[in-house]
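Below you'll find the structure, written out as structure tokens, and then a few comments.
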Amino acid sequence: MQWETVIGLEIHTQLATQSKIFSGAPTAFGAEPNTQACAIDLGLPGVLPVLNAEAVRLAVRFGRAIEAEIASRSVFARKNYFYPDLPKGYQISQYERPIVGRGKVEIVLDDGTIKRIGVTRAHLEEDAGKSLHDPGLVGDGQTGVDLNRAGTPLLEIVSEPDLRSPQEAVAYARKVHQLVRYIGISDGNMQEGSFRMDANVSIRPPGQEELGTRTEIKNLNSFRYLEKAIQFEVERQVELIESGGTLVQETRLYDAVKDETRGMRSKEEANDYRYFPDPDLLPLEIDAEFLATATSDLPELPDAKRERFHAEYGLSEYDASLLTTSRELADYFEAVARETGEPKLAANWIGGELMAALNKAEIEIGQSQVTARMLAGLIKRLQDGTISGKIAKQVFESMWSGEGDADQVIRSKGLEQITDSGAIEAMIDAIIAANPGQVEQYRAGKQKVFGFFVGQVMKASRGKANPQQVNEILERKLRA
Amino acid sequence: MENKSIAQLAADLRLRTYSSVELTRHYLERIERLDSRLNSFISVAGEAALASAERADLALKSGDVGPLTGIPIAHKDIFCTQGFKTSCGSRMLDDFIAPYDATLVERLAAAGAVMLGKTNMDEFAMGSSNETSFYGPVTNPWDQTRVPGGSSGGSAAAVAARLCPAATGTDTGGSIRQPASLCGVTGIKPTYGRCSRWGMIAFASSLDQAGVLARSAADAAFLLDEMAGFDPRDSTSADVPVPDYVDALDDDIAGLRIGLPKEYFGAGLDSGVAASIHDAISEYERLGARISEISLPNSPLSVPVYYVVAPAECSSNLARYDGVRYGYRCGHPADLEDLYKRSRAEGFGAEVQRRIMIGTYVLSAGYYDAYYLKAQKVRQLIADDFRRAFEQVDVIMGPTTPTTAFPLGAKTDDPVAMYLNDIYTIAANLAGLPAISVPVEPAEGLPVGLQIVGDYFQEARLLNLAHRYQHVTHWHQAAPAGFE
Amino acid sequence: MDRCAPVRSLDRYEPYDRFHPPRAYATFQRFHVHFTLPMSLDPDAIEKIAHLARLAIAPERRERYAVDLTNILDLVAQMDAVDTEGVEPMAHPLHMAQRLRPDRPTEPDRRARYQAGAPMVGGGLYLVPKVIE
């Protein structure tokens, strides 16, 4: 039987603020346990929250970036439940009136078509702390609670159930990840938990309007796990239903080691969160001025940039997409393209040598040894004939290992192309004289021998002879 | 010494008639000697109080001082005091040493006031008789078989018994005004947001407001001058300029329009109390005020609304007491759930648990609209009644409580009867309005309080009205027998 | 806890709870059906509420709490008498907007002070009986 997969994602992205959403404690990652948990984060008696302006500004930027309506008045609510990493016994979140309303995100499907994914809402909330169960650390039968993370600002981005495959879910998640980093609202660091995903998965017969029973897979922190967890969950649901079983609406966890999802024991009972407006906070009002200030410096967004790269620089869809993956990469490309006037060459070099080197070193474009100016310098030398394409790759490698810019490398290693026809002719004459047998073969019609002569010339010139000139002169001399 | 007003004490301190250390020692000695009859203090600062009195004396010598420099006061044990036990009247916080000061504690200390100790209160401010305290009930200085009212019962009893010149209190549904009325002292609950809630342990955040209990409106004005004002640490703190309350005490009240809500003089009001209130209102007429009847038609619903809103907020505010980071933890928890359930059941008293359960229930799925949302709507109607009333009159007057102090234990088995004690006080909390209780002629030897409700941020007017009355009457000066 | 028709409105679940289909009872309110609030809570209901509130209530005390809470709910039920059609719910006494705080870390590490009174700590962590996920 055929089944249609229906997926919606809830993405929690940590906002890039210096201090917490309701307190002045720092948000830096990796501090000693509970050293960044102040009285407010600990929920001490008598403490009160005051909202961080920057968290609001960042949320507004996101709303604008997905073309959503920004609520002129939104409300913070308490979500009540008991858990050791939730110090107050409630999480301050937004419920009925979120700051960001309906918006959209576009993803490119495998066949190149563009699909629009609805974003239901995005709301501000505080993160919880962390429970540590390692017996070596906290002793047998105990859980240790670190509240450094408690109160860290999060933007929860809730999608419509518009996604139809694990691949679409990943494409959407990647797109949101790209976007939050583009507009500078989050570092998106997945290892540090700055970008966490919950997937709501259900299946239904194609054509059926009504949604099937869904399960929610919590706390996925990599795109690979997202894809695998959904894949597993869909298969599990199909098998269960086809074997006559009944799905239960539940929360599940993905076990990456076993590559499976399993129900969470602690969430067995139905939760009743008793949401109500937080009486310690007043309605958040966002006026036109705040909105304008928060969004006036929004950068060109990835979709617009991709379009422009395609149109303005004549790049292929693939290259335009690749080069707009991150803002830093796009800026790098534009700097090289501007400096050299050779956008396609710049795209080739960035998509080829540079990306390979970055991937190998597992670093980001911002940390590249070879700056945009350096790569532009290399391309210029390639263009003006100072070096050949082959030498250029060698120069790139030298620049990557920190031997200086292109001109320095070319000079110190004597890699300038030989374009003096007299010098090339002299080399060729010597080679022809030294290889009479091969000359005879060529003249007898064995064209393949030509390559042998080119190789000899390049060898003699240590690769520096201008290949075009070598071809011309060789042909003339051999034919003579 | 203990019968002097704060203005007189301040003048004596300046003239070195006695030092702050001597004054503080005098009050500490009175507490030591007399409080066993009242149980109005949970903890006494002793050495710490004398140390701050010494600092005040140094300041007094240097001459750069305010009216409160060297004046002893007491704080309700709901305000966090750094390094000093802050129990909120609960076993849950019996061992809790606050790691920081409440804004009001900080402000009064900065003004030179000397903290004598922390006063007893109903557990987490939930009660109208001071009988729910983990530290035992407080008795009424006027009759020690009777309650002092609550939840600021310790503060009211201590001020009435001259164990301190003035004390802070908090008022969520009448918790300053009702005990002030029952103990014969002056108690003001300012406008919601007038005094910072930072460091004041929350009961119901949208209703809680700090204020003062003192022997006169003038004394209260000296404290409120220091307490009121914007605090960036409290999002609900009002950024509204604070007038000088002492300066406004003597303003003329001729021509002032006083409204008497007919709902406050109906069935349930004790006839002796009613007679005293009417006498006091006549006094205001003699002072030139104009009296008219008004109506607050929805005010009878204030108790039902309150018993949805306050428990709902409290059920959430008190969820933090879970035995994990501070406070009471049960012995040998079997698992996490056991830790939570027993720590909370053993750490909280019965009234607190009742209110947590009511609050949990009215917020739970399926009941939210019928209870919580409905209560919020009726709350709006109650506030609208006041808005309309203040288009016709300047202030509203009536009894603070329907009866005088009742015997200890009389209502402990009947929560609803206990709740109805706050029938006249709760509406001001729901609307967020300032209100004051002023002692008038006692009824059968027990104090009676006149409640005056003002429009938003009209504290100066309320203190002025109370002061003008106290200028021509002496009820506020009466001392309970045995505590003169 | 569900012996009477619950009346949470549809709006409360839309659009936030996108993945929880609106509950069936939500439609009741659309037809303006009137409800009577429950007039009594029984000991079973007390047990459920106490669990939500994480309070250990001894079985023999549930009856007493049931009576007390029922009496309080009876008092509360007086609200039903007033028509609140079209009234905006009042969440707060003052009509002010939320003030914003500049994004500056101002809180130093005070772990030692905050943990001084903690019931059980180890390695800087607050310790609780093992949590099973």
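The values are calculated or read from the model by the stated rules, or taken from the named source; none is laboratory data. Please read all numbers here as calculations on a predicted model, not as lab measurements. Cβ: placed from backbone, ideal geometry, glycine included. Neighbour counts: every protein chain shown.
Of all residues in the range B:29-81, those satisfying the criterion of being at pLDDT below 95 and outside any helix (DSSP H, G or I) are B:G46, B:G63, B:D64, B:V65, B:G66, B:P67. Among the residues of the range B:386-402, the one identified as over 26 Å from the mean Cα position of the chain (by Cα) and in contact (Cβ under 8 Å) with a residue 12 or more places away in the chain is B:Q392. Looking at B:K4, is it in contact with a strand residue (DSSP E or B) (Cβ under 7 Å, 6 or more places away or on another chain), within 17 Å of B:V159 (Cα to Cα) and basic (K, R)? Considered against the rule, which asks whether it is in contact with a strand residue (DSSP E or B) (Cβ under 7 Å, 6 or more places away or on another chain), within 17 Å of B:V159 (Cα to Cα) and basic (K, R), B:K4 comes out as no. For the range B:310-338, filtered to residues that are more than 9 Å from chain A (Cβ to nearest Cβ) and in a helix (DSSP H, G or I), the residue that is nearest to B:A428 (Cα to Cα) is B:A310. Scanning the range A:77-91 for residues that are more than 9 Å from chain B (Cβ to nearest Cβ) and among the polar types (S, T, N, Q) turns up just one, A:Q91. With respect to the conditions (1) touching a residue at least 40 places away in the same chain (Cβ under 8 Å); (2) assigned to a helix (DSSP H, G or I); (3) touching a Phe, Trp or Tyr at 6+ places or on another chain (Cβ under 9 Å), B:L296 falls short on a single one, namely (2).
So, B:N298, is that one facing another protein chain (nearest Cβ under 7 Å) and at pLDDT 95 or above or not?
yes
Being in a loop (DSSP other than H, G, I, E, B), modelled with pLDDT under 95 and either closer than 21 Å to A:S194 by Cβ or within 14 Å of chain B (Cβ to nearest Cβ) (or both): is that true of A:A16 here? For A:A16, the condition - in a loop (DSSP other than H, G, I, E, B), modelled with pLDDT under 95 and either closer than 21 Å to A:S194 by Cβ or within 14 Å of chain B (Cβ to nearest Cβ) (or both) - is not met. Of all the residues in the range B:2-22, those that are in contact (Cβ under 8 Å) with a residue 60 or more places away in the chain and part of a helix (DSSP H, G or I) number 5.
The condition (being of a type outside the set (D, E, K, R), buried (at least 23 other Cβ atoms within 10 Å of the Cβ) and in a helix (DSSP H, G or I)) is satisfied by just one residue among B:A389, B:A428: B:A428. When the residues of the range B:373-385 are filtered to those that are over 26 Å from the mean Cα position of the chain (by Cα) and surrounded by fewer than 24 Cβ atoms within 10 Å (Cβ to Cβ), the one that is nearest to the other protein chains (Cβ to nearest Cβ) is B:K377.
Would you confirm, using the coordinates I've provided, whether A:T120 is closer than 30 Å to A:G212 by Cβ, of a type in the set (S, T, N, Q) and within 26 Å of the chain's Cα centre (by Cα)?
yes
The residue that is nearest to the chain's Cα centre (by Cα), among those in the range B:228-245 that are crowded, with 21+ Cβ neighbours inside 10 Å and in contact (Cβ under 8 Å) with a residue 12 or more places away in the chain, is B:A228. Within the set B:F134, B:F84, B:F124, B:F96, the sole residue that is among the hydrophobic types (A, V, I, L, M, F, W, C), within 15 Å of the chain's Cα centre (by Cα) and modelled with pLDDT of 95 or more turns out to be B:F124.
Screening B:T24, B:T86 for residues that are under 30 Å from B:L408 (Cα atoms) and surrounded by 21 or more Cβ atoms within 10 Å (Cβ to Cβ) leaves exactly one candidate, B:T86.
Matching residues to (1) in contact with a Cys (Cβ under 7 Å, 6 or more places away or on another chain); (2) in a strand (DSSP E or B):
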residue	(1), (2)
B:F124	yes, no
B:N130	no, no
B:F134	no, no
B:V138	no, no
B:P148	yes, no
B:A158	yes, no
B:G173	no, no
B:G187	no, yes
B:F203	yes, no
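For the range C:101-133, a residue qualifies if it is small (G, A, S) and either modelled with pLDDT of 95 or more or assigned to a loop (DSSP other than H, G, I, E, B) (or both), and the qualifying residues are C:A112, C:A116, C:G117, C:A118, C:G123, C:G124. Filter the range A:355-377 for residues that are within 17 Å of the chain's Cα centre (by Cα), of a type in the set (A, V, I, L, M, F, W, C) and surrounded by 14 or more Cβ atoms within 10 Å (Cβ to Cβ) and give the result. Residues satisfying the conditions are A:M355, A:L358, A:I365. Of the numbered criteria (1) surrounded by fewer than 21 Cβ atoms within 10 Å (Cβ to Cβ); (2) of a type in the set (D, E, K, R); (3) closer than 17 Å to A:L281 by Cα, the one A:K88 fails is (1).
Just so you know, in the range B:213-238 the residues that are outside any helix (DSSP H, G or I) and in contact with a Ser or Thr (Cβ under 6 Å, 6 or more places away or on another chain) include one that is farthest from the other protein chains (Cβ to nearest Cβ), and it is B:S216. Looking only at residues in the range B:357-366 that are surrounded by 22 or more Cβ atoms within 10 Å (Cβ to Cβ) and facing chain C (nearest Cβ under 7 Å), the one that is farthest from C:E85 (Cα to Cα) is B:M357. With the condition kept exactly as written, say whether any residue in the range A:254-274 is in contact (Cβ under 8 Å) with a residue 40 or more places away in the chain and under 23 Å from A:H177 (Cβ atoms). Yes, some residue in the range A:254-274 is in contact (Cβ under 8 Å) with a residue 40 or more places away in the chain and under 23 Å from A:H177 (Cβ atoms). For the range A:400-453, a residue qualifies if it is aliphatic (A, V, I, L, M) and not in a helix (DSSP H, G or I), and the qualifying residues are A:L415, A:I418, A:A444.
Applying the criterion of being small (G, A, S) and within 7 Å of chain A (Cβ to nearest Cβ) to the residues of the range C:96-125, the residue that is nearest to B:Y456 (Cα to Cα) is C:A97.
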